[in-house]
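Quick notes on the structure that follows.
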Amino acid sequence: MYEIRSSELLRKVMKDYFAGFKQAKKIAWCTSVGPVELLRSFGFEVYFPENHGALLGATRTAMDFIPESAKCGYSNHVCSYTTSDIGAYLKGESPLKKQYGLKGIPKPDLIVYNTNQCREVQDWFNFFAKEFNCPIAGIHPPRYADEVSKEEIALVVDQHKKIIPVCENTSGNKFDIDSFRHTLKLSKEATRLWQDVLKTSISSPAPLSFFDGVIHMGPIVVMRGTQQAKDYYSILLKELKENVQSKIGAVKNEQCRIFWEGMPIWGKIRMLSDLFVQNNTAVVASTYCSSWVFDEFDEKEPFESSALAYTKIFINRSEKAKMKILKNWLSEYKCDGILFHDTKTCFNNSNAKFGMPQRLKEETGIPYLVVEGDLCDLRFFSEGQSITKIETFIEQIERQKVRA
Ligand code: SF4
């Protein structure tokens with residue numbers, strides 16, 4: 001069985017990250033594509049509720065908690081990160097207790113969000129700001145952009161700057177541009193290494209599958225702006241490059257290469273990984289893992305480059321822009337097909353609802369499959385039906401390849 005040796009180091013890196021909350025002087029909560037570098041420059045330890053939501057999904061405990069938030073009026077059809085996280089809080093439970101020895105989720109001194117990914121984070125984070133009676137600040141960039149204009153960047157820069165007094169008051173530290181530049185530089189270096197890690201899977205056999213990627217992306221999500229994240233990806237990249245050299249891949253007999261569009265199905269990562277391996281198919285790239293590549297970070301222009309990088313993320317783009325990005329990835333990673341995960345409780349990260357798969361096929365000739373499911377709520381995922389659909393899809397691709 002294929003194993004990435006760095007996984008052991010990853011466990012330690014993540015353990016150390018969570019241990020940091022035990023002695024933290026000040027804690028800020030942040031959305032996963034929020035302005036973490038700015039927060040870290042004030043000395044905050046930064047906690048990410050979405051990471052907690054993913055943990056609830058991966059440990060399959062989400063299902064125990066979603067009904068709790070439904071009792072408070074949160075619909076079962078809104079983001080299951082939100083409903084499982086709120087439900088876990090209401091029940092006083094968290095996998096962080098068992099896995100990392102914390103007493104529960106870290107208590108925030110400040111909560112910051114960016115609606116670049118969705119408006120749900122605003123509702124979710126406001127619930128907690130009220131619960132913990134702490135300040136909350138938001139960035140509200142323009143949404144669904146074709147391209148991001150200079151005027152739009154200026155608007156978002158202004159919103160970043162408005163957060164500074166709130167950070168100063170809460171942290172007790174004055175804003176220091178050099179500290180911000182330094183944090184952004186570390187973040188830039190880590191994100192470039194992460195991009196290189198993902199790009200090792202352009203090679204065949206691919207040394208990193210989507211299912212490995214969603215595990216190894218932990219530090220780039222929660223530790224951007226730290227030396228530890230940068231160091232981790234240097235080590236992982238070295239190992240994966242060696243595997244490319246030795247032609248060792250995640251799938252031994254790689255016959256077919258698939259792109260995964262949309263969210264992971266956290267409670268079914270292992271099952272899906274095994275299914276693709278059994279079918280000699282590598283899931284070589286994804287929009288999800290690529291969402292934490294921020295090419296534009298530039299410490300010389302920390303505000304402008306952060307505003308640009310965080311506004312032009314894939315999820316915040318128009319269909320025209322998304323199609324262009326997807327076409328490039330499909331070609332770069334030499335994909336034979338694309339799987340759209342139609343995520344029931346996150347329409348923001350589901351691109352299969354308005355005909356994009358069909359239009360993409362018309363333009364590229366690349367076959368697609370739509371699988372219905374969810375990030376955390378497994379009531380929306382039919383395992384048997386999905387296995388049949390995926391296996392049939394792979395067979396069709398292989399038949400087409402033979403004919404060609
Ligand atoms: S992008 Fe989707 S999954 Fe992520 S927080 Fe927003 S609604 Fe939830």
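Tabulated data
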| read-out | value |
| --- | --- |
| Which listed residue is over 18 Å from the mean Cα position of the chain (by Cα), near the ligand (Cβ under 10 Å from one of its atoms), of a type outside the set (Ser, Thr, Tyr) and farther than 16 Å from His52 by Cα, from Asp123, Asp109 | Asp123 |
| Helices (runs of 4 or more DSSP H) enclosed by segment 167-245 - at least 1 residues per element that are among the hydroxyl-bearing types (Ser, Thr, Tyr) and surrounded by fewer than 21 Cβ atoms within 10 Å (Cβ to Cβ) | 177-199, 227-245 |
| Single residue of Val283, Val277 found to be part of a strand (DSSP E or B) and of a type in the set (A, V, I, L, M) | Val283 |
| Criterion violated by Met1 - all others in (1) of a type in the set (A, V, I, L, M, F, W, C); (2) more than 16 Å from the ligand (Cβ to nearest atom); (3) farther than 30 Å from Gln278 by Cβ satisfied | (3) |
| Pair list, Cβ < 8 Å and 6+ apart or interchain, from segment 378-401 residues that are within 26 Å of Thr61 (Cβ to Cβ) and touching a residue at least 12 places away in the same chain (Cβ under 8 Å) to residues that are surrounded by 16 or more Cβ atoms within 10 Å (Cβ to Cβ) and among the hydroxyl-bearing types (Ser, Thr, Tyr) | Phe380/Thr345 |
| Pairs with Cβ under 9 Å, 6+ apart, first in segment 208-232 and of a type in the set (Asp, Glu), second assigned to a loop (DSSP other than H, G, I, E, B) and modelled with pLDDT of 95 or more | Asp212/Ile4; Asp212/Ala250 |
| Residue that is nearest to Arg224 (Cα to Cα), among those in segment 132-166 that are among the basic types (Lys, Arg) and either in a loop (DSSP other than H, G, I, E, B) or free of Cβ contacts under 8 Å to residues at least 40 places away in the same chain (or both) | Lys162 |
| Verdict on Cys289 being surrounded by 17 or more Cβ atoms within 10 Å (Cβ to Cβ) and part of a loop (DSSP other than H, G, I, E, B) | no |
| Residue check, Met271 within 18 Å of Met1 (Cβ to Cβ) and modelled with pLDDT of 95 or more | yes |
| Any hit, segment 165-182, residues being under 14 Å from Tyr310 (Cβ atoms) and aliphatic (A, V, I, L, M) | no |
| Helices (runs of 4 or more DSSP H) within segment 51-104 that include 3 or more residues in contact with a Gly (Cβ under 7 Å, 6 or more places away or on another chain) | 62-71, 80-91 |
| Subset of segment 76-98 [surrounded by fewer than 23 Cβ atoms within 10 Å (Cβ to Cβ) and within 12 Å of the ligand (Cβ to nearest atom)] | His77, Val78 |
| Close pairs (8 angstrom Cβ cut-off, 6 or more residues apart or separate chains): under 21 Å from Asn348 (Cβ atoms) in segment 70-92, away from the ligand (no atom under 16 Å from the Cβ) and in a loop (DSSP other than H, G, I, E, B) anywhere | Ser84/Thr61; Ile86/Cys72 |
| Single residue of Phe65, Phe44, Phe21 found to be of a type in the set (Phe, Trp, Tyr), away from the ligand (no atom under 13 Å from the Cβ), surrounded by fewer than 19 Cβ atoms within 10 Å (Cβ to Cβ) and modelled with pLDDT of 95 or more | Phe21 |
| Members of segment 130-152 found to be crowded, with 20+ Cβ neighbours inside 10 Å and away from the ligand (no atom under 16 Å from the Cβ), listed by number | Ala137, Val148 |
| Filter pass, Val121 being modelled with pLDDT of 95 or more and either out of contact with any strand residue (DSSP E or B) (no Cβ under 8 Å at 6 or more places or on another chain) or part of a helix (DSSP H, G or I) (or both) | yes |
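For (1) farther than 27 Å from Leu378 by Cβ; (2) touching a residue at least 24 places away in the same chain (Cβ under 8 Å), each residue gets a yes or a no:
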position: Gly262; (1), (2): no, yes
position: Ile265; (1), (2): no, yes
position: Tyr288; (1), (2): no, yes
position: Glu301; (1), (2): yes, no
position: Asn316; (1), (2): yes, yes
position: Lys320; (1), (2): yes, yes
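The values are calculated or read from the model by the stated rules, or taken from the named source; none is laboratory data. Note that the structure is predicted; figures quoted are calculated from it, not measured. Every residue, glycine among them, receives a Cβ derived from its backbone with ideal geometry; neighbour counts consider all protein chains shown.
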